[in-house]
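The values are calculated or read from the model by the stated rules, or taken from the named source; none is laboratory data. Nothing here was measured: the structure is a model prediction, and the numbers come from that model. Counting neighbours? That spans all protein chains shown, and the Cβs are built from the backbone with ideal geometry, glycine included. With ligands, DNA and RNA removed, areas are computed over all heavy atoms of the protein, side chains included. Shrake-Rupley method; radii C 1.70, N 1.55, O 1.52, S 1.80 Å.
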Amino acid sequence: MYRVLKFGGSSVASATQMSRVLDIVAYEAVKGHVVLVSSAISGCTDALLQIAGGDPAPVEELRRRHREIVVRLFTGIERESAQERLDALFEEMLRAPAEEKVTYGELFSTCILAAKLEADGYRTLWLDSRRLIIKGNKGLTYRNIAAAVEGGKADIFVAPGFICGTPEGGVSTLGRGGSDYSAALYAAALQADSLQIWTDVPGIMTANPRQVSRARTIPEMTYEAALQMASHGAKVLYAPTVAPAMEAGIAIEIKNTFHPDGGKTVISGNARPSGTVGIASRENGSMMEICVVGCSRETDALRALTTAGIAPLRFWTEEGNLLLTVRPAVEVPALMALHRTFFETLPVSRVNLFVAGYGAVGKELVRMVEETASAVALRTGKALRVVGIANSRHYSIDLGGNPGTPAKEGDYIDAVCAVAPKGSVFVDCTNSETLYQRYPQLFAAGLNVVSSNRRSFAVPYVTYASLHASARENGTFFRYETTVGAALPILESISRGANSLDEVLSIEAVVSCTLNQILGDYRPGGETFATLVRKAQEAGLTEPDPRLDLGGRDALRKLLILAREAGVRLEEDDVQVVPVIPAALFDVPLDRFYEDLEVFESGFADATRAAESQGFRRRFVASLEKTADGYRAGIGLKNVAPVHPAYHLRGTENAIIVRSAFHPYPLVIQGPGEGAREAASSILNDILR
Ligand code: ADP
Ligand code: ASP
Ligand code: MG
């Protein structure tokens, strides 16, 4: 059982820092053998390169920093012996050939760490990475490490990172930042159960926190994602580190030495592949190359840069990453702009939804909310969550957002009112004739109500007005755009006019999907009217009893809503309804009805022919018109000329034509007026508006 812990330069930069490292190691040593891999103290490798280049200036400062650490970590005889070993290493470094000087930083730091662990009473063994890790020969490296460690009787092994041997017996390095790789090689060779890279940041973050202060830790990522971040410039991990760990199936943990219990990144094969992972940057010639790892949203990236006034010099995609180059002067602003777009979502407020009615529309709504919640949150700042669902018999509530399927018995409305956080939305997708009576209770409990249930509005005007008053008094909203024309923005358009005191002169609403479909398909001599009604019923377009549509009941409900939205106090009895079919057909059982409907065929065909011979089409129109003595409302078949917007309606399309005092030309809204998807999207809009 081996645990490999690697500490970077800043983690061992001073005596205080080293003490932290020793604490972490002591803690881990309880769980198994520890292999401690260390970098040189920060700045040391740079200084050694300078010395190797013939500039002796940094020597004394380097010696002083190491001495200081020794003085502060040791006392008495142990201090003396550590100091002697360090002095000897310094002399050796000064005599060493220039190209070998750089390998001494890790010898200095590990010499101190090993001595201190020994002084603290641990069975400690220093491992000479120059003899164990052989450049370009993984097999030999693994055998060397396994032999040295498994044969060594120690609890803690201390190994210098970065440095290695060459096949020819010389010494070399694994490249700048290479200590991470040393640690991965030790871990893979020993089949370690833990590989920890301790550094000065809490894991791999969405961007370099030194450049983007709002960068945040990525808690888990795949090996591939880590490799992409590392190889595109995220210095926190040396890219070659990934392969040995991945091959051996060892997770890499990246942690912060200064906040051991803070954020960390776990890189493993179990991590869920993420979408956009993070942003990295590195030098590319005289330019800075920025990579948005795991991102293909080119348009968003370009928009972000344009908004920040930055024009990338090049822009391309490669292996599922977005890449661009910018001038060094705009590197940081470019990183910040991209980070804002991809990682800094607006603060979102939660909106809890209690859905009543789990039929086609209710189910579609729940599905749509689940599917679109994150995109909607990004767009609107509102995080929608379905927390309650009910059908006509059972309900289920879970404020955590997993209500499942309705199973509980009892009164849903009472239960909702008892638990709903303020600002929740109750959605009535039922066909209930009476549920509206409970709306005031919901308003009083602070819930908003969105309804697609037209039956709630086939009520006397005073009732309709009192529902609105109740919503207003409680500071909640009451919306039902879906009740007329599904997703078409009809009610909103009408009430906008009414709100600005525009006066409606007339409304023509061709809003019966059933009749629009049937009348559109009907050709005298072709399929009979009865056949088309039956087809519409089979397609689920009609009410369970299609006579509710043919008799104008459904259109009547819609007209009431339209008129009242326009500020007209229309009552049911004010509307003159002329059903499409003779009155006698309403009193017979449903199967008799279809038989009798065939008898009606010839009359209907004649009337259609007569209309067509004059260039008209027949449409089922609900209308409201201002006359000298008040409003007149009617529903029935009407002949419309080619100039009329309803002449060209197809299938279940709806049209509504509103004439008002302010405008010389009518407002015409036309489009799909039917479908669970349309209804659900309309409800969603009512919730978000
Ligand atoms: P160590 O000396 O511990 O090996 P490094 O300096 O090599 O540490 O790597 C850590 C540094 O990497 C951080 O201080 C940070 O500035 C830089 N860095 C660059 N990109 C990222 C990133 N995406 N997440 C975290 N740190 C990053
Ligand atoms: N000390 C080496 C360097 O500065 C290796 C490392 O820190 O990983 O590049
Ligand atoms: Mg590093």
* Output yes when any residue across segment 290-312 is of a type in the set (Ser, Thr, Tyr), closer than 23 Å to Ala230 by Cβ and in contact with a helix residue (DSSP H, G or I) (Cβ under 8 Å, 6 or more places away or on another chain), and no when none is. => no
* Asked: Does segment 32-41 include one or more residues that are more than 24 Å from Leu125 (Cβ to Cβ) and over 41 Å from the mean Cα position of the chain (by Cα)?
  -> no
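Which residues, taken from segment 116-125, are farther than 21 Å from Thr75 by Cβ and either among the hydrophobic types (A, V, I, L, M, F, W, C) or within 14 Å of ligand 2 (Cβ to nearest atom) (or both)?
Scanning segment 116-125 gives a single hit, Leu125.
Search segment 431-469 for residues being hydrophobic (A, V, I, L, M, F, W, C) and surrounded by fewer than 20 Cβ atoms within 10 Å (Cβ to Cβ), and hand back the single one that is nearest to Ala390 (Cα to Cα). Before the answer, list the steps.
Applying the first criterion (hydrophobic (A, V, I, L, M, F, W, C)) to segment 431-469 yields 435, 442-445, 447, 449-450, 457-459, 462, 465, 467, 469.
Next, from what is left, pick out any that are surrounded by fewer than 20 Cβ atoms within 10 Å (Cβ to Cβ): 444-445, 458-459, 462, 465, 469.
Working: Ala444: 20, Ala445: 18, Ala458: 23, Val459: 24, Val462: 29, Ala465: 27, Ala469: 26 Å.
By that ranking, first place goes to Ala445.
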* Asked: What number of residues within segment 579-611 are assigned to a helix (DSSP H, G or I), hydrophobic (A, V, I, L, M, F, W, C) and farther than 20 Å from Ile635 by Cα?
  -> 6
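Per-residue answers, yes or no, for (1) more than 22 Å from Arg85 (Cβ to Cβ); (2) within 14 Å of ligand 1 (Cβ to nearest atom); (3) aromatic (Phe, Trp, Tyr):
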| position | (1), (2), (3) |
| --- | --- |
| Ser14 | no, yes, no |
| Asp23 | yes, no, no |
| Ala29 | yes, no, no |
| Ile51 | no, no, no |
| Leu62 | no, no, no |
| Glu68 | no, no, no |
* Counted residues, segment 170-188 - those being more than 16 Å from ligand 1 (Cβ to nearest atom) and polar (S, T, N, Q) -> 1
* Structure fact -> Of Lys264, Lys255, the only residue that is among the charged types (D, E, K, R), touching a residue at least 60 places away in the same chain (Cβ under 8 Å) and within 13 Å of ligand 1 (Cβ to nearest atom) is Lys264
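This table checks each residue for (1) outside any loop (DSSP other than H, G, I, E, B); (2) among the β-branched types (Val, Ile, Thr); (3) out of contact with any helix residue (DSSP H, G or I) (no Cβ under 8 Å at 6 or more places or on another chain).
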residue	(1), (2), (3)
Gly525	no, no, no
Arg534	yes, no, no
Leu562	yes, no, no
Val568	no, yes, yes
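Which of the residues belonging to segment 284-295 are assigned to a loop (DSSP other than H, G, I, E, B) and surrounded by 14 or more Cβ atoms within 10 Å (Cβ to Cβ)? Can you show your working first?
Taking segment 284-295 as the starting set, the residues that turn out to be assigned to a loop (DSSP other than H, G, I, E, B) are 285-286, 294-295.
Within segment 284-295, Gly294, Cys295 meet the criteria.
Across segment 3-25, which residue is nearest to Ala188 (Cα to Cα) among those that are open to solvent by 30 Å² or more (accessible area, probe 1.4 Å) and either away from ligand 3 (no atom under 16 Å from the Cβ) or not small (Gly, Ala, Ser) (or both)?
Narrowing segment 3-25 to residues open to solvent by 30 Å² or more (accessible area, probe 1.4 Å): 3, 10, 14, 16-17, 19-20, 23.
Now narrow it down to the ones that are either away from ligand 3 (no atom under 16 Å from the Cβ) or not small (Gly, Ala, Ser) (or both): 3, 14, 16-17, 19-20, 23.
On the way: Arg3: 11, Ser14: 30, Thr16: 31, Gln17: 27, Ser19: 27, Arg20: 26, Asp23: 25 Å.
The extreme case among them is Arg3.
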* Structure fact -> If we take segment 10-115, then helices (runs of 4 or more DSSP H) inside it with 2 or more residues that are out of contact with any Gly (no Cβ under 6 Å at 6 or more places or on another chain), away from ligand 2 (no atom under 14 Å from the Cβ) and of a type in the set (Asp, Glu) are 15-29, 58-73, 76-95, 98-101
* Asked: In segment 28-70, how many are away from ligand 3 (no atom under 16 Å from the Cβ), among the β-branched types (Val, Ile, Thr) and touching a residue at least 40 places away in the same chain (Cβ under 8 Å)?
  -> 5
* Structure fact -> From the option list Gly152, Gly136, single residue qualifying as more than 16 Å from ligand 2 (Cβ to nearest atom), of a type outside the set (S, T, N, Q) and open to solvent by less than 50 Å² (accessible area, probe 1.4 Å) is Gly152
* To do: Kindly indicate whether Lys31 is closer than 18 Å to Ala183 by Cβ and either touching a His at 6+ places or on another chain (Cβ under 7 Å) or among the charged types (D, E, K, R) (or both).
  => yes
* For segment 575-611, name all the residues that are open to solvent by 90 Å² or more (accessible area, probe 1.4 Å) and closer than 21 Å to Ala655 by Cα. => Gln576
* To do: Could you please find all residues in segment 612-660 being aromatic (Phe, Trp, Tyr), in a strand (DSSP E or B) and open to solvent by 40 Å² or more (accessible area, probe 1.4 Å)?
  => Tyr631
